[in-house]
Ligand code: SF4
Ligand code: SF4
């Protein structure tokens, strides 16, 4: 593994995207006292990597980096990664303005790692329009010590990006967890292999899949607690990417001091490598998840193009099914919002309708090879996700 930061770093990164906020205040009002306490505990154990982005907490995450880390610790004791958004206008002039604003917000003179934020399988033409050359210029002039991108998409799209620009890339940030490892959508394993075979480092995001891998149905949780009553459910999810040789660090969007304590305990006190028995436990969890009763939607998408209301039927049914398995209502509502509202990563101008927009015409049912009573399922989705 290349030494990106002057010295090896520990494999627990502090994600500044879900910071505690002041009671009753919006997402932009971060509780800096609590964050200081969390940062102090994290730093006191020799951890050092902080991840932020221009858009997190409406821009206040980068300010929290300045107040809680940069002003309080020597520069050689921590690393900061931030990200340049490519939605909205992306002229070179605008990108320069954003980078200058990020330096001012964070109080830094350089970033240890600078990413293009949230590239997808179709991003090549966009980054070839100026963003990639701009990113390289930041490394050349010392504003960024390392460069790369965070990625949401399949392995084929990632290969296209890396075939074009892999020789410039130091690190790629990937969604990687044991649930998505073999999934058709996220393809964590294939993406990880695509990056690491080129000698490029991987920073892991969403090791807990946004909290999903700590909120299982009871039957699934029991597999983990039976295997080790002393290990937290989250520790299993964190250890999976820590175990991989090609990972530089593993991010956790820590929200409370207890999160920090538990994650430190996992990173410090378990063996770096999962045993064969550990892998079997994880396999059993995946098998138990398949047994949880769900709507038998295969995501074939024969229904949605025929819906006069433009309802993202497979997307909504997928959220309902995820809730059945993971019992994470907050996460389900957030995903439902993504499926049914404006999406900065989606096609411009397309806003899918909500389940409550269903007019019960029945057209979708005629097209569904699984004979799912879609309007009835959408009514249940309204009760679960819109109330
Ligand atoms: S029943 Fe509802 S979801 Fe199905 S096609 Fe009609 S409006 Fe769309
Ligand atoms: S047609 Fe049926 S199985 Fe296919 S995506 Fe729609 S609801 Fe799911």
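Exposure proxy check: 114, 192, 302 ranked by fewest other beta carbons within 10 Å? List each step's numbers first, then the result.
Numbers: 114 25, 192 22, 302 15.
Result, fewest neighbours first: 302, 192, 114.
Take every Cα pair under 8 Å whose residues are at least 6 apart in sequence, average their separation, divide by the length of segment 304-385, and the relative contact order is 36 percent.
Compute the angle between helix 329-340 and the longest alpha-carbon principal axis of the chain, please, reported from 0 to 90 degrees and rounded to the nearest 10. The answer is roughly 80 degrees. Here, segment 149-305 is characterised by an Rg to Rh ratio of 0.99, where Rg is the alpha-carbon radius of gyration and Rh the Kirkwood radius. Here the extension length gained between residue 365 and residue 94 equals 92.8 nm, from 0.36 nm per residue of separation less the Cα-Cα distance.
So if the hydrodynamic radius of the chain is defined as the Kirkwood radius over C-alpha pairs, what does Stokes-Einstein give as its diffusion coefficient at 10 °C and 1.306 mPa s, in µm² per second? Walk me through the intermediate numbers first.
Details: Rh = 22.2 Å.
D, rounded to a whole number, is 72 µm²/s.
Taking the chain as the reference, fit the longest principal axis to its C-alpha atoms, fit the long axis of helix 257-269 to the helix C-alpha atoms, and give the angle between the two in degrees, 0 to 90, nearest 10. Its long axis makes an angle of about 70 degrees.
Rounded to the nearest 10 degrees, the inclination of helix 374-385 to the longest alpha-carbon principal axis of the chain is 40 degrees.
So how do 171-184, 134-147 stack up, highest first, on mean other-Cβ count within 10 Å? Display every interim value, and only then the final one.
Values: 171-184: 20.5, 134-147: 16.8.
Packing proxy ranking, top to bottom: 171-184, 134-147.
Only counting other Cβ atoms within 10 Å, I'd like 340, 275, 81 sorted with the fewest neighbours first.
Values: 340 23, 275 10, 81 27.
Taking fewest neighbouring Cβ atoms as first place, the list is 275, 340, 81.
From Cα pairs below 8 angstrom and at least 6 apart in sequence, can you work out the relative contact order of segment 13-275, rounded to a whole percent?
Values: 437 pairs, mean separation 45.9, N = 263.
This gives 17 percent for segment 13-275.
Based on the alpha-carbon gyration tensor of segment 304-385 and its eigenvalue square roots a ≥ b ≥ c, which shape applies: rounded if a/c is under 1.5, prolate if not and a/b is larger than b/c, or oblate?
oblate
How big is the shadow of the Cα convex hull of segment 277-316, averaged over all directions, in nm²? Working shown, then result.
Working: hull surface 14.7 nm².
Projected area, direction-averaged: 3.7 nm².
Just so you know, all these numbers are worked out from the coordinates, no wet-lab data involved. It should be emphasised that the depicted structure is a prediction, and the values quoted were computed from it without experimental measurement. Quick reminder, even Gly has a Cβ in these numbers, built from the backbone with ideal geometry, and neighbours come from all protein chains shown.
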